[in-house]
Structures are given as structure tokens and as C-alpha cells.
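Contents: one structure, followed by commentary.
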Amino acid sequence: MTTNAEWQVRKEKAIARGQGNLAPIYIERAVNAELWDVEGNRYIDFGAGIAVTNTGHTNPKVTKAVIDQVEKFSHTCVMVTPYDTAVRLAEELNELAPGNSPKKTTFVTTGAEAVENCVKIARAYTGRRGLIAFNGGYHGRTNMTMALTGKIAPYKSKFGPFPAEIYHSAYPNEYHGVSVEEALKTLDMMFKVDIAPEDVAAIIIEPIQGEGGFYITPVEFMQALRKICDEHGIVLIVDEIQTGFGRTGKFFCSEYSGIEPDLMTTAKGMAGGYPLAAVVGKAEIMDAPLPGGLGGTYAGSPVGCAAALAVIETMKEDGLVERANRIGDLFIDNLTKLQKKHPDRIGQVRNKGAMIAMELVQNGNANEPDAELCKALVDIANKRGLILLSCGLYGNVIRFLPALTIPNEIVEEGLAILAECFEELVG
Ligand SMILES: Cc1ncc(COP(=O)(O)O)c(C=O)c1O
């Protein structure tokens, strides 16, 4: 038998340190919301590979769809000789995307690529240069998406120069003292100081900031952005890469605000663990780039498309979008009890469906983030058989992203481990 420690030594020699790993846990197999490492240890997975395996690890329907597809063919390239699964998936996504306007889809391979392509499409459509993103937002690790990301360490440190014409505006975050009104004022001032609205191609926003700390963008802010974009002919891009695919209790989180994005990104949970991403948007905007202007060798891989069709079918048949709300309730009930016992250390618990967060502070004060406690909690939980992830502009938020297929008993078991680890750390 090999050990986790041996693999970690080999990993550190073989893989660049920039591609770090949360824990020295080397996975041998995974089923639904449980993982087993090379030493035979079992883990409860509250991270789902960062919001990817929403339909559970090795979901039988998704796995079968993939095997059926690879037995037929694994690649021909959608831009050379396409196949029905890509067309059927595009039709499904056009149908699922919020709003009534006719939609079109383009496929890519990663979330960052989807964001990059939104920028290309918005610029081709508007003929404008400017892009506005938000403080604390996260959009990926490629050059353009790094520049759009509103957090320096570790995403942007040492990686400049970045593309020009990108501006960051205040993000409305009541808990950290920024109201919707103030955030809108900052944007208005930006139009006076930095860039005229008629030079702005697109505004990009996450309906819930993911890496930034699971802060829920207020509905009024999403609606105000829709209005501003309509007024000035700006393309509104909603980045649903982390919030998408049923996780928040709607298929896409923008549905809560009743707005229709002009362009929307989706990736992660869409294909249940197979690399696939897409931009879905208003047909008129999506068709702005010339033929050949969008795509990529693996864009819309048949394996990813087959997996995504099985994911959508499973989510509909098994009621997983609604299940996200029940999972959220169960987490919030338990986390609120823990918060009541430790109001000085747990500043806030919040969720939309199964996108759940617990923010750790000192003295019950939002302005005293406790990144140290957050890191210690992740480390100790991982050692006790619970995979926890953290996030946040201040590094002090535990984020919970379980599979939407996780049984209640496993949620309870994981939360009991969490409480035990937390109590041990805070005394
Ligand atoms: C909101 C959001 N946008 C973009 C990305 C980038 O996606 P990928 O890592 O697939 O490139 C992520 C990934 O975490 C994300 O959460």
C-alpha cells in the first residue's frame, strides 16, 4: 500500500507549487458524497470538488452516459464534424437559461474560458472597450479573467501586467458595511471619473460571490444593474459558474432576482465532473462574433456533452434543485445552533440553497476576520474525515458545497465532526 505522505512528497517534486493542494489526501475512489483515500480512510465530502459533483461522485446515470459515449467516439471536434449531443445540450441550456428572449449557446472547456468568451462576444456586439467587475469577485486564472478578478492574493500576485480597460467597483456587502446604495453611487462615480458608460462593453457579476466569500448579491443590486445596462446599451454578464446547476435552489441563481442576463456563464456542476463550460446568451448578442471567432479544439467535447445531458435529466427526475433547499435548511439549522453557542467566533451563517457559508470572526465583529481559525478548522476537519473548503476576501469563510444527492444522515454526520472540531479549537 502507498501512503498519502509518500504521494505528497512525489507531488511536491513533480507538480509546480503554484498548483497547491488543500490537503495531502490522495483519493482512490469516490461514491456520491464520500471519498476513500489510498490508505483506505473514508471522508465526507462537503466540497464536491469545488461545486462540481452536484449529482454526486460516480453518479450511475452520468457514468453510464459517459461510457456509452466513449464506446462510440471520444472526439471529432464540434467545429469539424459535429454531433447530436452538442446540439441537444445547447437546446437544453437555451431552454433552462433565465428569461424569454431567444437564446444561443457556445461551448468551451473551462469556466475561465467561458468568461473570456463573454468578453469577446460583448466587445464584438457593442464595439466598446471597457469592462466593469466588482471588488472581491472571482472569474478565473487566465490573463483576462485574473484581471477581472477582484482579489490580489493569490490570484493576481506577480502576474501582471493585466489587460487594460478593466475597472472594479464596490460590491454591496451589508455585513462588511457596503450598502446597495453606496455600491450604486460608486458605480455612478466611476462613470464620471474613469469611463463613460457609452464606452463600457460589459458589466460582469456573480449572483453570489464564490471564492470571494459566499456573499449573496442583493436582488435590488442585480435589478439596478439590469436597468443601468439597459439604459446605456451595456452587456450584463452573469457569472453562474459556481452558483449554477441547481446549487442555489434554482437552476440558475439569477432567477431569484427575476432578471434576464444578456450573457451567462456555466461550467462546474453542468457536466458532473467532466470538463465542459458554456456561454448562454441572447441570440442576437451571441451571434456578434464571425464564424470561427469562437470555439476551441475540445470545446463541447462529446464526453462532456453526454455527461451534461445525463446531469440535467438526473436533476429533473430526482428533484435535485428543490433538494438543494432542503440541504440548505439542514445545514443552517445546525450551524445556527453552533453560532448561538459561539456568537463571538461565528459572525454570520448564510445560504442560498446548498451554497452555504459560515464566517469566522473575533469578538463577534465583522471587521475582525479570523483567517487563522478558518485554516485551523479546515485542517483539523480534513484530518478527522471531513473535507471542508474555505474562501473569502479575508480568508475567514468556511464554504459548504455538498453534492445535492447527499443523504441527510451524512450531512448530520459531517456537521457533528465540524462541531466537534470547532469546539476543540475555540475551547
Ligand atoms: C464564479 C467563477 N467564475 C469563474 C471560475 C473559473 O472556472 P474554472 O476554474 O473552470 O476556469 C470559477 C471557478 O471557481 C468561479 O467560481
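Quick grid of which residues meet (1) out of contact with any Leu (no Cβ under 6 Å at 6 or more places or on another chain); (2) at negative phi; (3) part of a strand (DSSP E or B):
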position	(1), (2), (3)
381	no, yes, no
395	yes, no, no
399	no, yes, yes
406	yes, yes, no
409	yes, yes, no
417	no, yes, no
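When both residues are 6+ apart or on different chains and their Cβ atoms are under 9 Å apart, which pairs have a first residue that lies in the stretch 136-148 and is aromatic (Phe, Trp, Tyr), and a second that is more than 10 Å from the ligand (Cβ to nearest atom)?
Taking only residues 6 or more apart or on different chains, the pairs are 138/150; 138/151; 138/155.
For the stretch 41-60, give me each residue that is touching a residue at least 24 places away in the same chain (Cβ under 8 Å) and surrounded by fewer than 20 Cβ atoms within 10 Å (Cβ to Cβ).
Filtering the stretch 41-60 down to residues touching a residue at least 24 places away in the same chain (Cβ under 8 Å) leaves 41-59.
Residues satisfying the conditions are 41, 42, 50, 58.
Is it the case, given these coordinates, that residue 63 is open to solvent by 30 Å² or more (accessible area, probe 1.4 Å), in contact (Cβ under 8 Å) with a residue 40 or more places away in the chain and hydroxyl-bearing (Ser, Thr, Tyr)?
Details: open to solvent by 30 Å² or more (accessible area, probe 1.4 Å): yes; in contact (Cβ under 8 Å) with a residue 40 or more places away in the chain: no; hydroxyl-bearing (Ser, Thr, Tyr): yes.
No.
Taking residue 273 as the residue in question, decide whether it is open to solvent by 10 Å² or more (accessible area, probe 1.4 Å) and farther than 19 Å from residue 111 by Cβ.
So residue 273 does not fit the description; no.
Within the stretch 297-329, which residues are surrounded by fewer than 21 Cβ atoms within 10 Å (Cβ to Cβ) and in a loop (DSSP other than H, G, I, E, B)?
297, 298, 318, 319
So which of 310, 277 is among the hydrophobic types (A, V, I, L, M, F, W, C) and either within 16 Å of the ligand (Cβ to nearest atom) or more than 19 Å from residue 49 (Cβ to Cβ) (or both)?
Answer to the check: 277.
I want to confirm something. Restricting to the stretch 1-29 and keeping residues that are open to solvent by 80 Å² or more (accessible area, probe 1.4 Å), farther than 30 Å from residue 330 by Cβ and of a type in the set (D, E, K, R), which single residue is farthest from the ligand (Cβ to nearest atom)?
Going through the qualifying residues, I end up with 6.
Please work out if residue 271 is more than 15 Å from residue 98 (Cα to Cα) and either within 16 Å of the ligand (Cβ to nearest atom) or under 12 Å from the mean Cα position of the chain (by Cα) (or both).
Working: more than 15 Å from residue 98 (Cα to Cα): yes; either within 16 Å of the ligand (Cβ to nearest atom) or under 12 Å from the mean Cα position of the chain (by Cα) (or both): yes.
The answer is yes for residue 271.
Tell me which residues, restricted to the stretch 212-227, are in contact with a Ser or Thr (Cβ under 8 Å, 6 or more places away or on another chain) and either among the aliphatic types (A, V, I, L, M) or touching a residue at least 60 places away in the same chain (Cβ under 8 Å) (or both).
Of everything in the stretch 212-227, those that are in contact with a Ser or Thr (Cβ under 8 Å, 6 or more places away or on another chain) and either among the aliphatic types (A, V, I, L, M) or touching a residue at least 60 places away in the same chain (Cβ under 8 Å) (or both) turn out to be 219, 222.
Working only within the stretch 285-295, note down all residues that are assigned to a loop (DSSP other than H, G, I, E, B) and out of contact with any Cys (no Cβ under 9 Å at 6 or more places or on another chain).
Step one: of the stretch 285-295, the residues assigned to a loop (DSSP other than H, G, I, E, B) are 287-295.
Result: 287, 288, 289, 290, 291, 292, 293, 294.
Looking only at the stretch 338-363, filter to residues that are in contact with a Pro (Cβ under 9 Å, 6 or more places away or on another chain) and open to solvent by 40 Å² or more (accessible area, probe 1.4 Å); which one of those is farthest from residue 424 (Cα to Cα)?
We begin by selecting, within the stretch 338-363, every residue in contact with a Pro (Cβ under 9 Å, 6 or more places away or on another chain); these are 347, 352, 354, 356, 359-362.
Retained after the next criterion (residues that are open to solvent by 40 Å² or more (accessible area, probe 1.4 Å)): 352, 362.
Numbers: 352: 28, 362: 16 Å.
Per the stated criteria, the residue is 352.
Regarding residue 332, is this residue under 21 Å from the mean Cα position of the chain (by Cα) and surrounded by fewer than 20 Cβ atoms within 10 Å (Cβ to Cβ)?
Values: under 21 Å from the mean Cα position of the chain (by Cα): yes; surrounded by fewer than 20 Cβ atoms within 10 Å (Cβ to Cβ): yes.
So residue 332 passes the test.
For the stretch 391-427, which residues satisfy the criterion of being crowded, with 21+ Cβ neighbours inside 10 Å and among the small types (Gly, Ala, Ser)?
Of everything in the stretch 391-427, those that are crowded, with 21+ Cβ neighbours inside 10 Å and among the small types (Gly, Ala, Ser) turn out to be 392, 403, 414.
Residues that are small (Gly, Ala, Ser) and within 16 Å of the ligand (Cβ to nearest atom): find the strands (runs of 3 or more DSSP E) completely inside the stretch 30-137 holding 1 or more of those. Walk me through it before giving the result.
Working: elements: 34-37, 42-45, 103-108, 130-134.
Because the criterion is at least 1 residues that are small (Gly, Ala, Ser) and within 16 Å of the ligand (Cβ to nearest atom), the strands (runs of 3 or more DSSP E) in the stretch 30-137 that meet it are 130-134.
Only one of these conditions is not met by residue 150: (1) open to solvent by less than 10 Å² (accessible area, probe 1.4 Å); (2) among the small types (Gly, Ala, Ser); (3) not in a strand (DSSP E or B). Which number is it?
Condition not satisfied by residue 150: (1).
Sort out which residues of the stretch 165-191 are more than 16 Å from residue 204 (Cβ to Cβ) and outside any helix (DSSP H, G or I), and write them in order of number.
173, 177, 178, 179
Considering each of 273, 244, 293, 210 in turn, give the residue that is at pLDDT 95 or above, in contact with a Gly (Cβ under 7 Å, 6 or more places away or on another chain) and at negative phi.
Values: 273 fails: at negative phi; 293 fails: in contact with a Gly (Cβ under 7 Å, 6 or more places away or on another chain); 210 fails: in contact with a Gly (Cβ under 7 Å, 6 or more places away or on another chain).
Answer to the selection: 244.
The values are calculated or read from the model by the stated rules, or taken from the named source; none is laboratory data. Fair warning: this is a prediction, and the values are worked out from it, not measured in the lab. A quick note on method: Cβ atoms are made from the backbone with ideal geometry, for glycine too, and the neighbour counts reach across all protein chains shown. Accessible surface areas use protein heavy atoms only, side chains included; no ligands, DNA or RNA. Shrake-Rupley method; radii C 1.70, N 1.55, O 1.52, S 1.80 Å.
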